[in-house]
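Following: one structure in structure tokens, then a few remarks.
The values are calculated or read from the model by the stated rules, or taken from the named source; none is laboratory data. Note that the structure is a prediction, hence the values are computed from the model and not measured. We place every Cβ from the backbone using ideal geometry, glycine too, and count neighbours over all the protein chains shown.
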Amino acid sequence: MLADLMASQIVRTVLVGAAMLGAISGMLGAFAVLRRQSLLGDALAHAALPGVCLGFLVAGARDLGSILAGAFLTGALAALAMMLITRTTRLKTDAALGIVLSVFFAVGVVLLTHVQATGGAASAGLASFLFGQAAAILASDLWIMGGIGLVALGLVLALWKEFKLVSFDADFARAQGFPVTVLEAMLTIMVALAIVVGLQLVGVVLMVALLIAPAAAARQWTNRLGMMVALSALIGAGSGAAGALISATTRGLATGPVVVLVATAAVLVSLALAPGRGLVWQALSARRARARISDGRILAAMQELAEAHDDPRYPAEQGMLGAALGKAPAPGQFDALERRGLIRAVTHAPEPTPHWQLTEAGQRAARSEEDDKT
């Protein structure tokens with residue numbers, strides 16, 4: 001069945017386009033996430049809608065080049081407006097993003113309604129830029145995506161040190177004499193380019209998810225910027241390809257939303273399973289920490305009983321330890337300590353109940369537990 005799908009020129013074009021868009025978005029989205037500007041992509045994506053309409057009005061037809069140029073222009077204006085608001089007023093970045101997003105998107109909806117009411121048959125399909133229309137991607141569009149991707153990759157590699165410093169500590173970069181404003185503007189322009197490229201596939205509304213989701217997933221797996229950017233691009237490309245294939249095999253499923261859902265699933269898996277940060281990992285670590293604390297309390301109680309009886313090998317009865325601890329130890333806890341070589345099971349005639357004795361390693365662990373408390 002997969003071979004039959006790949007025999008279709010449309011499926012191959014959409015698959016390659018979705019993978020390329022995912023890789024570009026993942027690579028650039030990593031910097032947006034690290035700069036805490038996740039909503040910047042949302043604002044720029046919504047600000048592209050009036051540009052789509054203006055491009056149509058200027059060209060007088062549904063010309064993709066004019067539409068994408070208009071989208072990039074209004075996206076750049078939105079970024080400039082956001083910078084002016086934050087630097088000339090007392091409003092914070094989140095407020096500026098909210099203002100820019102709502103105003104530009106409202107203008108875009110008004111223009112879209114006007115164009116559809118007066119543009120006749122030529123305006124058909126403009127609404128698809130809201131949620132994307134993957135089937136409309138042409139082979140020639142892949143060259144545009146590839147060119148933009150290569151330009152973005154070249155800039156990232158050429159200015160890697162500068163982008164890295166700006167992403168983690170812009171104030172230090174400014175103090176070192178780096179042109180922080182220019183570097184941030186370049187990153188913003190590249191994000192705007194990625195959004196423009198993705199409008200036809202994912203659409204205005206969902207584009208921000210493809211920017212942020214791969215980066216958010218990658219962030220859970222590594223603390224290194226290089227690995228994060230590469231992994232984010234890989235997750236984005238995989239999400240795009242998987243979403244395109246799922247959409248192609250199921251009738252009635254739009255490619256853009258499916259790609260976003262696959263990327264979101266990658267985020268959920270990463271949040272759950274990533275080593276060191278995943279929820280499952282944290283739950284296991286917390287469980288192990290509680291077990292260590294409980295084990296330390298048992299060893300300390302046995303040590304106290306041994307010192308009270310002036311016998312380092314005093315055989316402590318299981319019930320006696322439960323009374324000393326205030327509650328009975330968990331089932332199997334003594335067996336676990338015995339496997340670790342900290343205690344050993346002994347008999348204490350004529351009593352038939354289990355007794356336990358500290359080993360030399362257990363005595364050292366108990367003394368270490370007491371030292372930690374003091």
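Table for the structure above
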| quantity | calculated |
| --- | --- |
| In segment 240-261, the residues that are closer than 19 Å to Ser38 by Cα and touching a helix residue (DSSP H, G or I) at 6+ places or on another chain (Cβ under 6 Å) | Val259, Val260 |
| Extreme residue, nearest to the chain's Cα centre (by Cα), among residues of segment 114-135 that are of a type outside the set (A, V, I, L, M, F, W, C) and at pLDDT 70 or above | Gly132 |
| Tabulated pairs, segment 146-164, first in the same structural domain as Met186 (by TED's automatic domain parsing) and without any contact (Cβ under 8 Å) to a residue 24 or more places away in the chain, second in a helix (DSSP H, G or I) and surrounded by 15 or more Cβ atoms within 10 Å (Cβ to Cβ), C-beta under 7 angstrom, 6+ apart or interchain | Glu162/Leu183 |
| Test: residue in segment 210-231 that is under 15 Å from Gly26 (Cα atoms), surrounded by fewer than 16 Cβ atoms within 10 Å (Cβ to Cβ), over 14 Å from the mean Cα position of the chain (by Cα) and assigned by TED's automatic domain parsing to the domain that holds Val11 | yes |
| Selected residue (only one of Ile85, Ile24, Ile67, Ile10 is β-branched (Val, Ile, Thr), free of Cβ contacts under 8 Å to residues at least 24 places away in the same chain and in contact with a helix residue (DSSP H, G or I) (Cβ under 7 Å, 6 or more places away or on another chain)) | Ile85 |
| Matching option when the condition is part of a strand (DSSP E or B) and farther than 30 Å from Ile246 by Cα, among Arg367, Arg344, Arg297, Arg313 | Arg344 |
| Sole exception among (1) small (Gly, Ala, Ser); (2) surrounded by fewer than 21 Cβ atoms within 10 Å (Cβ to Cβ); (3) outside any helix (DSSP H, G or I) for Gly203, by number | (2) |
| Residue identified as in contact with a helix residue (DSSP H, G or I) (Cβ under 7 Å, 6 or more places away or on another chain), assigned to a helix (DSSP H, G or I), modelled with pLDDT of 85 or more and over 30 Å from Val267 (Cβ atoms) among Val52, Val58, Val33 | Val58 |
| Verdict on Leu111 being of a type outside the set (Lys, Arg), more than 23 Å from the chain's Cα centre (by Cα) and at pLDDT 85 or above | yes |
| Residues of segment 143-194 classified as under 17 Å from Ala18 (Cα atoms), surrounded by 13 or more Cβ atoms within 10 Å (Cβ to Cβ) and more than 26 Å from the chain's Cα centre (by Cα), total | 1 |
| Hits in segment 309-344 - residues which are among the basic types (Lys, Arg) and touching a strand residue (DSSP E or B) at 6+ places or on another chain (Cβ under 6 Å) | Arg313, Arg344 |
